[in-house]
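S.K.: I have a structure here, written as structure tokens, and I will follow up with some questions on it.
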2 protein chains.
Amino acid sequence: MIIPNFTKGNGLIPVIAQDFETKEVLMLAYMNQQAWEATLKTGKATYWSRSRNVLWLKGETSGHFQLVKDIFIDCDDDTILLYVQQLGGAACHTGYKSCFYRQVKEGKNVVVGEKIFDPKEVYK
Amino acid sequence: MIIPNFTKGNGLIPVIAQDFETKEVLMLAYMNQQAWEATLKTGKATYWSRSRNVLWLKGETSGHFQLVKDIFIDCDDDTILLYVQQLGGAACHTGYKSCFYRQVKEGKNVVVGEKIFDPKEVYK
């Protein structure tokens with residue numbers, strides 16, 4: 001089995017989740033080896049939550065799982081790229097399709113992303 | 001000016017560079033505040049090299065600069081997404097268009113990326 005190099009990031013590597021159809025970058029999160037193995041085993045993106053310090057099956061609360069379609073590893077073996085099918089249509093906990101819903105323009109943040117759901121309705 | 005939150009990653013945040021036309025993810029690198037400010041000022045992607053511990057103007061050796069077309073920041077203010085025009089056609093020092101030129105399939109790495117140049121010809 002391919003084991004990414006988890007040593008450089010103190011056991012964590014960044015993982016980019018990209019919509020497998022539109023190629024929109026949805027989010028960046030982190031995996032440790034346990035999360036990596038869970039993702040390979042289940043086919044659902046599983047990360048390590050840096051804020052809660054727990055294994056985080058994306059969608060476990062909302063039902064908005066990320067079904068992994070393809071996995072890529074970078075030249076240094078220390079970053080993962082996932083092509084995913086985002087159930088529910090939005091990856092961001094704010095309800096936007098992508099976590100990158102704000103553009104930095106002339107020193108300001110401008111909301112450009114598409115809002116898919118109201119977080120108050122999803123996280124009850 | 002927007003200042004991303006550099007505190008969570010000990011002064012460094014991950015930055016995703018995506019081809020502004022094809023939306024292919026080209027690479028992931030890191031910025032500190034100095035690199036962020038240089039990128040905003042020059043319009044050329046400038047990172048912080050974790051291996052060399054120096055400011056790294058991408059393309060400074062090869063001439064393959066990344067011209068920044070759009071900048072996005074994520075919901076937590078701790079990850080940057082750049083839409084770039086990759087001069088020379090390849091982002092990876094191995095000569096592949098994307099650093100994510102290997103797919104993880106059935107426990108193995110399979111090269112799927114497009115090789116654009118011979119590194120021996122570019123880095124002399």
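S.K.: Do you know which residues across region B:72-98 are open to solvent by less than 10 Å² (accessible area, probe 1.4 Å), under 12 Å from the mean Cα position of the chain (by Cα) and either among the aliphatic types (A, V, I, L, M) or away from chain A (no Cβ under 12 Å) (or both)?
M.R.: B:I80, B:L81, B:L82, B:V84, B:A90, B:A91
S.K.: Output the qualifying pairs, or none if there are none: Cβ atoms under 8 angstrom, residues six or more apart or on different chains, first residue in region B:107-120 and within 8 Å of chain A (Cβ to nearest Cβ), second residue surrounded by fewer than 14 Cβ atoms within 10 Å (Cβ to Cβ).
M.R.: B:G107/A:M1
S.K.: Right, something else. Would you check if there is a residue in region A:6-13 being surrounded by fewer than 16 Cβ atoms within 10 Å (Cβ to Cβ) and among the basic types (K, R)?
M.R.: Yes, the conditions are met somewhere in region A:6-13.
S.K.: Continuing with this model, one more query. Taking interchain pairs and intrachain pairs at least six residues apart, which have beta carbon atoms under 6 angstrom, with the first residue in region A:70-94 and without any contact (Cβ under 8 Å) to a residue 40 or more places away in the chain and of a type in the set (F, W, Y) and the second part of a strand (DSSP E or B) and crowded, with 23+ Cβ neighbours inside 10 Å?
M.R.: Partner pairs satisfying both residue conditions: A:F72/A:L81.
S.K.: Checking A:L40 against (1) touching a strand residue (DSSP E or B) at 6+ places or on another chain (Cβ under 7 Å); (2) within 9 Å of chain B (Cβ to nearest Cβ); (3) of a type in the set (A, V, I, L, M), which single condition isn't satisfied?
M.R.: Answer for A:L40: the failing condition is (1).
S.K.: Just checking, which of A:K41, A:K69, A:K120 is under 23 Å from A:L12 (Cα atoms), open to solvent by 50 Å² or more (accessible area, probe 1.4 Å) and in a helix (DSSP H, G or I)?
M.R.: Result: A:K41 is the single residue among A:K41, A:K69, A:K120 that is under 23 Å from A:L12 (Cα atoms), open to solvent by 50 Å² or more (accessible area, probe 1.4 Å) and in a helix (DSSP H, G or I).
S.K.: Please go through region A:14-27 and pick out each residue that is open to solvent by 20 Å² or more (accessible area, probe 1.4 Å) and not charged (D, E, K, R).
M.R.: A:F20, A:T22 - these are the residues of region A:14-27 that are open to solvent by 20 Å² or more (accessible area, probe 1.4 Å) and not charged (D, E, K, R).
S.K.: Among the numbered criteria (1) in contact with a Cys (Cβ under 9 Å, 6 or more places away or on another chain); (2) under 29 Å from A:G107 (Cα atoms), which single criterion is violated by B:H64?
M.R.: Status for B:H64: all satisfied but (1).
S.K.: Filter region A:44-57 down to the residues that are open to solvent by less than 20 Å² (accessible area, probe 1.4 Å) and touching a residue at least 24 places away in the same chain (Cβ under 8 Å) and list them by number.
M.R.: Hits for region A:44-57 are A:A45, A:Y47.
S.K.: So, one more: Across region B:99-117, what is the total count of residues that are surrounded by fewer than 16 Cβ atoms within 10 Å (Cβ to Cβ) and in a strand (DSSP E or B)?
M.R.: Total satisfying the criteria: 6.
S.K.: Of all the residues that make up region B:1-37, how many are in contact with a Leu (Cβ under 8 Å, 6 or more places away or on another chain), free of Cβ contacts under 8 Å to residues at least 24 places away in the same chain and more than 10 Å from every other protein chain (Cβ to nearest Cβ)?
M.R.: Looking only at that region, the number is 2.
S.K.: Residues to consider are B:Q85, B:Q34; find the one that is outside any loop (DSSP other than H, G, I, E, B), closer than 23 Å to A:A17 by Cα and polar (S, T, N, Q).
M.R.: Answer to the check: B:Q85.
S.K.: If B:C92 satisfies every condition in (1) over 16 Å from A:T79 (Cβ atoms); (2) touching a Cys at 6+ places or on another chain (Cβ under 8 Å) but one, which is the exception?
M.R.: Just one mismatch for B:C92, condition (1).
S.K.: Quick one: count up the residues across region B:49-66 that are within 9 Å of chain A (Cβ to nearest Cβ) and in a strand (DSSP E or B).
M.R.: Number satisfying all stated conditions: 0.
The values are calculated or read from the model by the stated rules, or taken from the named source; none is laboratory data. Since the structure is predicted, the reported quantities are computational estimates derived from the model, not experimental observations. Cβ sites come from the backbone with ideal geometry, for glycine too, and all protein chains shown count toward neighbours. Note: accessible area is taken over every heavy atom of the protein model, side chains too, but ligands, DNA and RNA are not part of it. Shrake-Rupley method; radii C 1.70, N 1.55, O 1.52, S 1.80 Å.
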